[in-house]
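Undergrad: Before I ask anything, here is the structure I am working with.
Computed from the coordinates by the stated procedures, all read-outs in this text should not be read as laboratory data. Computed from a predicted structure; not experimentally measured. So basically every Cβ, Gly included, is an ideal-geometry build from the backbone, and we count neighbours across all protein chains shown.
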Amino acid sequence: MLFKDDAATARILSHFEQYIPLTVELKKELSKRIDLVSFKKGDTVLNAHTVCTKSYFIEKGIFRTYFIKYGKEVTEYFSAENEWVNSPRSFMQRKIDIYYIEAIEDADAFCLNVNDLLYLFNQFPEMERYARLSMGTVLGHLLERITSMRFTTAKEKYGHFLKTYHDIYNRLPLGMVASYLGITQETLSRIRSDKSLFDIDQK
């Protein structure tokens with residue numbers, strides 16, 4: 001469901017102002033081109049059979065990016081509040097990619113179409129600086145995923161997962177976490193019984 005009001009517009013403009021100064025004209029264009037969209041838990045944000053044309057800045061909730069392998073869902077990464085999420089290759093190259101995106105909580109997100117983003121880049125050079133500073137979280141998740149694959153044992157992988165998602169791990173369904181780690185939910189339950197791992201984000 002799409003909706004927008006003055007309060008929502010003020011919130012997203014305030015976010016942009018944390019990274020770049022906003023001229024009156026840029027504020028006007030951002031306000032015109034960004035919508036606030038609401039998702040229910042379990043809603044599909046992006047289907048892998050369609051080209052990704054929108055990027056979402058999450059105001060509330062968590063999204064999961066995943067793909068299907070041998071008929072099973074494999075979680076690639078999670079995105080939460082104050083992060084952008086899209087299917088990077090599909091979004092940038094206008095091609096279908098392997099990724100689905102799903103809301104795993106009721107969520108509100110600001111939505112920006114790729115054509116509007118390109119317009120903003122062309123008309124307002126400062127938007128490129130914003131993209132480097134804020135929108136890079138999408139690629140950051142993919143790089144973090146590559147790093148996680150270097151850990152050999154399930155316990156090491158889970159320790160890295162806790163460090164990466166220390167702010168939200170207790171909001172994530174165990175089955176999806178097990179899928180992210182590439183282990184069974186039973187193995188994950190055994191690892192979680194080691195309470196010392198939960199002290200990682202305190203170190």
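Undergrad: May I ask you to derive the relative contact order of region 26-116, considering only C-alpha pairs under 8 Å and at least 6 residues apart, and to give it as an integer percent?
TA: Values: 211 pairs, mean separation 41.9, N = 91.
The value is 46 percent.
Undergrad: Okay, moving on. So who's got an amide H within less than 5 Å of the one on ILE104, skipping anything under 5 residues away but keeping other chains? H placed 1.01 Å off N, in plane.
TA: GLY42, ILE62, PHE63, ARG64
Undergrad: Can you bin every Cα-Cα distance in region 119-193 into 10 Å intervals starting at zero and give me the percent of pairs per bin, rounded to whole numbers?
TA: Percent of Cα pairs in each bin: 17, 40, 19, 15, 8, 1.
Undergrad: Which of the GluC sites (Glu not before Pro) across region 26-94 are loop residues per DSSP, with 15 or fewer other Cβ within 10 Å?
TA: Values: sites: GLU29, GLU59, GLU73, GLU76, GLU81, GLU83; in loops: GLU81, GLU83.
Answer in residue order: GLU81.
Undergrad: Check TYR77: other-chain or 5+ apart residues with amide H under 5 Å from its amide H, H built from backbone geometry?
TA: THR65
Undergrad: What percent does the relative contact order of the chain come to when contacts are Cα pairs within less than 8 Å and at least six residues apart? Walk me through the numbers on the way to the answer.
TA: Numbers: 303 pairs, mean separation 44.4, N = 203.
Dividing the mean separation by the residue count of the chain yields 22 percent.
Undergrad: About its Cα centre, what dipole magnitude does region 41-125 give when the only charges are +1 on Lys and Arg Cβ and -1 on Asp and Glu Cβ, stated in debye to the nearest 20? Working shown, then result.
TA: Working: 9 positive and 12 negative charges, 92 e Å.
The calculation lands at about 440 debye.
Undergrad: Same structure, new question: Return the tail of the calculated pair distribution for region 28-100, meaning the percent of Cα-Cα pairs more than 16 Å apart.
TA: On the way: 1394 of 2628 pairs.
The answer is 53 percent, as a whole percent.
Undergrad: Checking a compactness column here: for region 57-142, what do you get for Rg(Cα) / (2.2 N^0.38 Å), N being the number of residues? Before the final figure, lay out each step's value.
TA: Working: Rg = 13.7 Å, N = 86, 2.2 N^0.38 = 12.0 Å.
Dividing the Cα Rg of region 57-142 by 2.2 N^0.38 Å gives 1.15.
Undergrad: Would you mind computing Rg(Cα) / (2.2 N^0.38 Å) for the chain, counting N as its residues?
TA: Numbers: Rg = 18.0 Å, N = 203, 2.2 N^0.38 = 16.6 Å.
Against the compact-globule rule of thumb, the ratio is 1.09.
Undergrad: Still on this structure, I have one more. Picking from CYS111, ASN170, THR137, whose Cα lies most toward the positive end of the charge dipole for region 109-177 (charges on Cβ: Lys, Arg +1; Asp, Glu -1)?
TA: Sorting the options by dipole projection puts first ASN170.
Undergrad: Continuing with the same structure: What does the net charge come to around PHE63 if you take all other residues with beta carbon closer than 9 Å to its beta carbon, with K and R at +1 and D and E at -1?
TA: Details: positive: ARG64; negative: GLU83, GLU102, GLU105.
Here the charged neighbours net out to -2.
Undergrad: Another question, then. Rounding to the nearest 20 debye, state how big the charge dipole of the chain is about its Cα centre with +1 on each Lys and Arg Cβ and -1 on each Asp and Glu Cβ.
TA: Details: 28 positive and 27 negative charges, 124 e Å.
My answer is approximately 600 debye.
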